[in-house]
Amino acid sequence: MVVLELSALATDSVTAVHGELAGEPLHFERTTRGLRALAAVPLGAGDSVAARATIEHPGGASDTVVAWLVPGRRRAPRERLHAAPELVQPPDSLTGRMQRERELVDGVHQRAHETPRLWHEPFVRPRSSAVTGRFGVARVFNGVLRSRHLGVDFAGRRGAPVQAANRGVVALVADLYLSGTTVLIDHGAGLVTGYLHLSRALVAVGDTVGRGQLIGYVGASGRVTGPHLHWLAAYGRITFDPLGLVGLDFDGPMTFGPR
């Protein structure tokens, strides 16, 4: 996750700013400190990735700015897990269902670009418990490398509370084959957070939720080895480490460091 900033003089006349990074549109907003946009770099990106922004001026003039971002190196340890064979390698009879579920989730991610930014306070963790699974870990199910862990796991007994990380609109509540009872929250400006493997959801599609609001309970639905919360974040179709959102003050001073 990255915050991009374009500095402009007070005398500069700007009619519009648009851009893209890794194939996803950027949504620049004017803040007291300049023009800013949230974005994300795909896991496994190369040595650098280009962020492009076009600034339009009255009369049709425009300027284009290109910034090359260098992703930090991420170690990817392997995690060995065991699950029911039908969850690791679903039968062919479920191919249609899983494709429909992927399209459903992808639609939520893409439509987040059509929603204005709904959050204004820093993000919080959905649970205060220990992190038991880190983002990017290679997951070996029943001895076979299947995927990378595209989220963060939080410890919790079945029935433990789960809260919304920030203000947004509930875009999906569904029981999905792999992720179980799932809630997706559209925060606008391309950003979605997800809460997976719940035992119960307490919200419905279309609900506006506040930061820290109780939205469900920890469970063990879907492909899991035991009760926990899987928390994810996506900018459009790019999934990124959601812990990078925690404490993010979009309108505050820029800080430079490993985050």
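Given 37 °C and 0.692 mPa s, how large is the Stokes-Einstein diffusion coefficient of the chain in µm²/s, with Rh as the Kirkwood radius over Cα pairs? Don't skip to the end; give the middle numbers.
Values: Rh = 19.5 Å.
Once the numbers are plugged in, D ends up at 169 µm²/s.
What is the log10 of I(q)/I(0) for the range 166-259, computed with the Debye formula using one identical point scatterer on each Cα and no solvent, at q = 0.12, 0.16, 0.25, 0.26 Å⁻¹? The Cα Debye sum returns log10 ratios of -0.40, -0.68, -1.37, -1.43.
Relative to the longest principal axis of the Cα atoms of the chain, the long axis of helix 95-111 lies at roughly 30 degrees.
So what's the back-of-envelope 222 nm ellipticity for the chain, counting only DSSP H runs of four-plus at -39500 (n - 2.57) apiece and dividing by all residues, rounded to 500?
Working: 2 runs with 21 residues, N = 259.
It lands at -2500 deg cm²/dmol.
Between ALA130 and GLU56, the simple label model (points 7 Å from Cα in the Cβ direction) yields a spacing of 5.3 nm.
Pull up the DSSP beta bridges for the chain and report the antiparallel fraction as a percent, rounded to 5. Walk me through the numbers before you get to the answer.
Details: 65 of 70 bridges.
In the chain, approximately 95 percent of DSSP beta bridges are antiparallel ones.
Extending 7 Å from Cα along the Cβ direction at GLU5 and again at ASP175 yields two label points whose distance is 4.8 nm.
Based on the Cβ-Cβ distance from THR31 to ALA220, what FRET efficiency comes out when R0 is 45 Å, to the nearest 0.05?
Values: r = 42 Å, r/R0 = 0.93.
Efficiency computed from Cβ-Cβ geometry: 0.60.
Leaving out ligands, DNA and RNA, what percent of the accessible area of the chain is carbon and sulfur, probe 1.4 Å? Before the final figure, lay out the partial values.
On the way: 6690 of 13080 Å².
C and S atoms contribute 51 percent here.
Accessible surface area normalised per residue over the chain is 51 Å², counting heavy atoms of protein chains with a 1.4 Å rolling probe.
Each residue was assigned an accessible area with a 1.4 Å probe, and for GLU24 the value is about 10 Å².
At a Förster radius of 35 Å, what calculated FRET efficiency corresponds to the Cβ-Cβ distance of THR15 and ARG211, to the nearest 0.05?
On the way: r = 33 Å, r/R0 = 0.94.
That pair, THR15 with ARG211, gives E of 0.60.
The values are calculated or read from the model by the stated rules, or taken from the named source; none is laboratory data. As the structure is a prediction and not an experimental result, all values here were calculated from the model. Neighbour counts run over all protein chains shown; Cβ positions are idealised from the backbone, glycine included. Heads up: the accessible areas ignore ligands, DNA and RNA and are worked out on the full protein's heavy atoms, side chains in. Shrake-Rupley method; radii C 1.70, N 1.55, O 1.52, S 1.80 Å.
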